[in-house]
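*Asks:* Starting off with a structure, shown below.
The values are calculated or read from the model by the stated rules, or taken from the named source; none is laboratory data. Please read these numbers as outputs of a predicted model, since none were measured by experiment. In this analysis, Cβ positions are derived from the backbone assuming ideal geometry, glycine residues included, and neighbour counts consider all displayed protein chains.
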Amino acid sequence: MKPIYVLNGPNLNLLGVREPEIYGYDTLADIESRCAALLEDAGHSLVFRQSNHEGQLIDWIQEARTESAALIINPAGYSHTSVALLDALKALSVPIIECHLSNPQTREPFRHHSYVSLAAKGIIAGFGAFGYELAIRAALALLKPAG
């Protein structure tokens, strides 16, 4: 069975210390552990990555096109700026879920638009680190055969 990819954009390596009043105190390693446990229980594996570099994220998205069962992406600041991420995501035929720790709609106006949303099956935002668990559950539900 192909793994579920979880890709994380810029500055998410600083979770737990960067603006914890917005993003919480969980680290990216904490989130990865919980995602891996959920997927293990469901018989899936996890590919969990973070990069501050747009091109690296695009390379991983292109890899996920053939290597993943589903893709969860927290594009962070690239949500609002990257047509290149959108173009890469549009090449995927697997389910794509956009995930945000905070709710961009309650923040600065420039965060209210996400290019990534145009390629996503759904968006989970505003639930902090728990949002990743919701995204994993949503991906698993999308992968279940209809019936």
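*Asks:* Which ones in the stretch 81-113 are of a type outside the set (D, E, K, R), over 15 Å from the mean Cα position of the chain (by Cα) and either surrounded by fewer than 15 Cβ atoms within 10 Å (Cβ to Cβ) or within 20 Å of ARG137 (Cβ to Cβ) (or both)?
*Replies:* THR81, VAL83, ALA91, SER93, GLN105, THR106, PRO109, PHE110, HIS112, HIS113
*Asks:* Listed residues LEU46, LEU15, LEU39, LEU7; which is more than 15 Å from LEU140 (Cα to Cα), buried (at least 16 other Cβ atoms within 10 Å of the Cβ), modelled with pLDDT of 95 or more and of a type outside the set (S, T, N, Q)?
*Replies:* Sole residue among the options that is more than 15 Å from LEU140 (Cα to Cα), buried (at least 16 other Cβ atoms within 10 Å of the Cβ), modelled with pLDDT of 95 or more and of a type outside the set (S, T, N, Q): LEU7.
*Asks:* Pick from the stretch 64-80 the residues that are among the polar types (S, T, N, Q) and farther than 10 Å from ALA139 by Cβ: which of them is surrounded by the fewest Cβ atoms within 10 Å (Cβ to Cβ)?
*Replies:* Taking the stretch 64-80 and keeping what is among the polar types (S, T, N, Q), we get 66, 68, 74, 79.
Pick out the ones that are also farther than 10 Å from ALA139 by Cβ and you get 66, 74, 79.
Details: THR66: 10, ASN74: 26, SER79: 23.
The qualifying residue surrounded by the fewest Cβ atoms within 10 Å (Cβ to Cβ) is THR66.
*Asks:* Looking at (1) free of Cβ contacts under 8 Å to residues at least 40 places away in the same chain; (2) touching a His at 6+ places or on another chain (Cβ under 7 Å); (3) of a type outside the set (Ser, Thr, Tyr), which one does VAL17 not meet, given that it meets all the others?
*Replies:* (2) is the only condition that VAL17 fails.
*Asks:* Moving to a separate point now. Which pairs do you get when a residue that is closer than 11 Å to VAL6 by Cα and in contact (Cβ under 8 Å) with a residue 60 or more places away in the chain, found in the stretch 26-52, comes within reach of a residue that is assigned to a helix (DSSP H, G or I) and hydrophobic (A, V, I, L, M, F, W, C), reach meaning Cβ atoms under 8 angstrom, with the pair 6+ apart or on two chains?
*Replies:* Within 8 Å, the pairs are CYS35/ILE136.
*Asks:* Checking ARG34 against (1) of a type in the set (Lys, Arg); (2) in a helix (DSSP H, G or I); (3) within 17 Å of ALA64 (Cβ to Cβ), only one condition comes out false. Which one?
*Replies:* (3)
*Asks:* Continuing with the same structure: State yes or no: is GLU21 among the charged types (D, E, K, R), outside any loop (DSSP other than H, G, I, E, B), in contact with a Phe, Trp or Tyr (Cβ under 9 Å, 6 or more places away or on another chain) and surrounded by fewer than 17 Cβ atoms within 10 Å (Cβ to Cβ)? Lay out the reasoning, then the answer.
*Replies:* Details: among the charged types (D, E, K, R): yes; outside any loop (DSSP other than H, G, I, E, B): yes; in contact with a Phe, Trp or Tyr (Cβ under 9 Å, 6 or more places away or on another chain): no; surrounded by fewer than 17 Cβ atoms within 10 Å (Cβ to Cβ): yes.
Spelling it out, it is not the case that GLU21 is among the charged types (D, E, K, R), outside any loop (DSSP other than H, G, I, E, B), in contact with a Phe, Trp or Tyr (Cβ under 9 Å, 6 or more places away or on another chain) and surrounded by fewer than 17 Cβ atoms within 10 Å (Cβ to Cβ).
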